[in-house]
Structures are given as C-alpha cells and as structure tokens.
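The values are calculated or read from the model by the stated rules, or taken from the named source; none is laboratory data. On a predicted model such as this, the values are computed, not experimentally measured, just so you know. Cβ coordinates were reconstructed from backbone atoms using ideal geometry, including for glycine residues, and neighbour counts include every protein chain displayed.
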Amino acid sequence: MNNFHKLKIGLFCFGLLCLIGLWVSCVKTDEAGSRRPLQVAFQNRIGSAIPIVAVEKGYFQNEGIKVRTLRFNSGPACAEALYSGSADVGAMGDSTAIMALVRHGKLKLIASHGSGEHRHRLIVRQDGTILTLKDLGGKRVAIKKGTSTHGGFLALMRSAGIPLKAVTVVDLNPGTMPEALMAGSVDAVAASEPTPSLAEARGGRGLITFGGLGNSYPILMLANASVIEERKEDLVRFFRALRHAEDFVNAHPNETAKILSRVTGLSLPLTQKAMKCHEYRLCLDEATLSSLQSTAKFLMKHHELPSMPDFAEFLAPQLLKDSRINPH
C-alpha cells in the first residue's frame, strides 16, 4: 500500500471518529434536555402578558433555558398542542384546562399566570335593539366553544334565569368576531379581552361582563407529566424567568402595554384598556383552586364533564415553589 492510500485511509478514519464524537455529544446534549427547546403554547393575547414579556425581555435566555413559543388565538388550540405532543407546556382558560385534565389523564396543573373577573364580556351592536340579557332571546351569539368564555356565558345565563335554548350559540374564532358582529352574521359576541374592546372600537357596545359570578377566570398552565419528570430543572428555570417577567409587568405597566401593543398589533390605548381587566400573578393558591372547583361543578351539571375531578391528583405545585427567586 503506497503512502497516498495510507493517507486516504487515515483521513477517513479521523473523519469517522469526529462524526462519532459529534453524534455522542449531540445525544448527551439531548439527554440533558438542554439542546431541545422547551415548547410552550400560549395565546397571543393581553392575558398572556407574563410569558410575552419573558420572551421580549430575554428572561428565558438569562435563566439559561431555550424556549420555543407556539402562539394561538384560543385555549382549545393550546390544549390540542399538548395532546399532540407539539407543546410541553400549554396555557389556557379554566374551562378548557379542566376538560383537558379530565379527558387526557396525563396532564398536570403547574400554575396560573393571570386572571380577571371582568376579562370576559358580551358585546352587541351599537345600533342594535339588545339592551338587556333577556333581549338575547332568539338571537345568535358568537362564542368559541370549550373555552373559559363559554363556561362563563353558561353561568351568566343561568344567573339571569335565561334558558340556554333561548339563544343560538355560534362557534366562532375570536379573531373573526368583530367583523361577524358588524356584518350582522351574529347579534352578539362573547369573548375575553382584547376581542371585546376590538369589537367596541368597530361599532360594538358593551352589554355586560361575566363578573360577579364567583369566578376569577384564571389562565392556567398545564404540562405533560412525562415532561415534568424528565425536564424538572428546565421547568424551574422557565418559572424563574416568568417570575422576573411578573415583577416587570406589575412594576412597569406602561412599558408592558407598549410591548403588548407591538407584539399583538393592538393600539396602545386599546391595550391599556384591556390590561385593566386583568391581574397578572404567578400562583397556584386556594383562591384559584376554589374558582376551579366552582367551574368544574357547573360544567358537570351542564354535562360538559363526565364526573367531578379530584384536583389534588392533577396538581404539580413544586415547580413554582422551587422557582422562588428570594425563597426567604
């Protein structure tokens, strides 16, 4: 064998060793959970100020965690991302979260990142004839079914003594609701902010909020149990970043409004108005759980749930506790 062939064989072996080393390195990185980003699904809406600010201010990078965000316009879409495995963590309203926990069985409730008793509203046409809830009889109301708004609407109708069969519920995505209302395709729209404010800006009139019904309408974060087990440290870093964002949102509401306005495409005045309907807080406290219990009972009575869930078996509060920036 001449020297040229020996050189070719040597270079081939060296290249093969490099490739093997690179492959082993990648495998180790995957096993450590640091190479694959944490996939997080949330709504690109005013209620998601904390995760949006965490992304925009670079808090995830600061905590050494890679996050890939999946942004949707409804809670059920976030839940579907969890079901399919395309998301590791998903944020959604209370009704959607309860149904997801019960029906999926392998999801855990890890936190709430926002709430707001008045964040859901019913909007009608400014020039219409609907002046009270009772005027909805025989009308078409646009709602995204299976959402927190849907659950709140059912409770609102019951509290007013109006039978659900008196109205026709039209399943519609929030993004198309203002146009549908103005076109006359529906007579009213029910949604969470900022959809109600957008509808008002285009000629709608606020009829009523869903407040006063014993529900704070928490926006909840769920994760697959396997993700919690395999990527605990990543999730703790994830929550530490969210805690920094929580502090920023509450300390700098005007700058937060500017960030949300830029990210969502909403005007600054509309963003500021919608923010006033929310409370931005990371928690998993008794008030949140009490609100969930109330909503679950209501959903079960309306045959939306097969049975009353035992929330104790779905809770995973330790991640939030371990992420405390100043534990003392």
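Identify, please: which residue in the stretch 138-166 is hydrophobic (A, V, I, L, M, F, W, C) and closer than 12 Å to residue 189 by Cα and is, among those, surrounded by the fewest Cβ atoms within 10 Å (Cβ to Cβ)?
The first filter runs over the stretch 138-166 and keeps only residues hydrophobic (A, V, I, L, M, F, W, C), leaving 141-143, 153-157, 160, 162, 164, 166.
After this cut, where a residue has to be closer than 12 Å to residue 189 by Cα as well, the list is 141-143, 153.
On the way: 141: 20, 142: 26, 143: 26, 153: 23.
This residue is 141.
Anything in the stretch 171-189 that is buried (at least 18 other Cβ atoms within 10 Å of the Cβ) and touching a Lys or Arg at 6+ places or on another chain (Cβ under 8 Å)? List them, or say none.
Within the stretch 171-189, 172, 174, 178, 181, 186, 187, 188 qualify.
Do the conditions hold for residue 85, that is, is it touching a helix residue (DSSP H, G or I) at 6+ places or on another chain (Cβ under 9 Å) and either in contact (Cβ under 8 Å) with a residue 60 or more places away in the chain or not hydroxyl-bearing (Ser, Thr, Tyr) (or both)?
Values: touching a helix residue (DSSP H, G or I) at 6+ places or on another chain (Cβ under 9 Å): no; either in contact (Cβ under 8 Å) with a residue 60 or more places away in the chain or not hydroxyl-bearing (Ser, Thr, Tyr) (or both): yes.
No: the conditions fail for residue 85.
Anything in the stretch 124-142 that is part of a strand (DSSP E or B) and either closer than 14 Å to residue 170 by Cα or outside the structural domain of residue 199 (by TED's automatic domain parsing) (or both)? List them, or say none.
Hits for the stretch 124-142 are 140, 141, 142.
Given the criteria β-branched (Val, Ile, Thr) and under 30 Å from residue 240 (Cβ atoms), does residue 149 qualify?
Values: β-branched (Val, Ile, Thr): yes; under 30 Å from residue 240 (Cβ atoms): no.
So residue 149 fails the test.
Residue-by-condition table, conditions (1) under 13 Å from the mean Cα position of the chain (by Cα); (2) surrounded by fewer than 23 Cβ atoms within 10 Å (Cβ to Cβ); (3) closer than 30 Å to residue 152 by Cβ:
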{"residue": "41", "(1), (2), (3)": "yes, no, yes"}
{"residue": "70", "(1), (2), (3)": "yes, yes, yes"}
{"residue": "84", "(1), (2), (3)": "no, yes, yes"}
{"residue": "101", "(1), (2), (3)": "no, no, yes"}
{"residue": "105", "(1), (2), (3)": "no, yes, yes"}
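Kindly indicate the residue of the stretch 44-68 that is within 25 Å of residue 143 (Cα to Cα) and polar (S, T, N, Q) and also surrounded by the fewest Cβ atoms within 10 Å (Cβ to Cβ) among those meeting that condition.
44
For the stretch 103-123, name all the residues that are under 20 Å from residue 91 (Cβ atoms) and in a strand (DSSP E or B).
If we filter the stretch 103-123 for residues that are under 20 Å from residue 91 (Cβ atoms), which is where we start, we get 103-120.
107, 108, 109, 110, 111, 112, 113, 114, 115, 120 - these are the residues of the stretch 103-123 that are under 20 Å from residue 91 (Cβ atoms) and in a strand (DSSP E or B).
Go through (1) of a type outside the set (Asp, Glu); (2) out of contact with any Ser or Thr (no Cβ under 7 Å at 6 or more places or on another chain); (3) in a loop (DSSP other than H, G, I, E, B) and name the single condition residue 181 misses.
With (1) of a type outside the set (Asp, Glu); (2) out of contact with any Ser or Thr (no Cβ under 7 Å at 6 or more places or on another chain); (3) in a loop (DSSP other than H, G, I, E, B) applied to residue 181, the lone miss is (3).
Take the residues in the stretch 34-73 that are outside any helix (DSSP H, G or I) and of a type in the set (Phe, Trp, Tyr); name whichever of them is farthest from residue 323 (Cα to Cα).
The extreme case among them is 72.
Restricting to the stretch 260-289, and then to whatever is under 18 Å from residue 110 (Cβ atoms) and not aliphatic (A, V, I, L, M), can you tell me which residue is surrounded by the fewest Cβ atoms within 10 Å (Cβ to Cβ)? First the steps, then the outcome.
Of all residues in the stretch 260-289, those under 18 Å from residue 110 (Cβ atoms) come to 280-289.
Filter again for not aliphatic (A, V, I, L, M), leaving 280-281, 283, 285-286, 288.
Working: 280: 23, 281: 17, 283: 17, 285: 11, 286: 8, 288: 19.
Checked the stretch 260-289; the qualifying residue surrounded by the fewest Cβ atoms within 10 Å (Cβ to Cβ) is 286.
Output yes when any residue across the stretch 120-137 is within 22 Å of the chain's Cα centre (by Cα), closer than 21 Å to residue 52 by Cα, at pLDDT 90 or above and not aliphatic (A, V, I, L, M), and no when none is.
So in the stretch 120-137, the residues within 22 Å of the chain's Cα centre (by Cα) come out as 120-122.
Within this subset, residues satisfying the condition of being closer than 21 Å to residue 52 by Cα are 120.
Narrowing further to those that are at pLDDT 90 or above: 120.
Adding the requirement that they be not aliphatic (A, V, I, L, M) leaves 120.
Yes, that holds for at least one residue.
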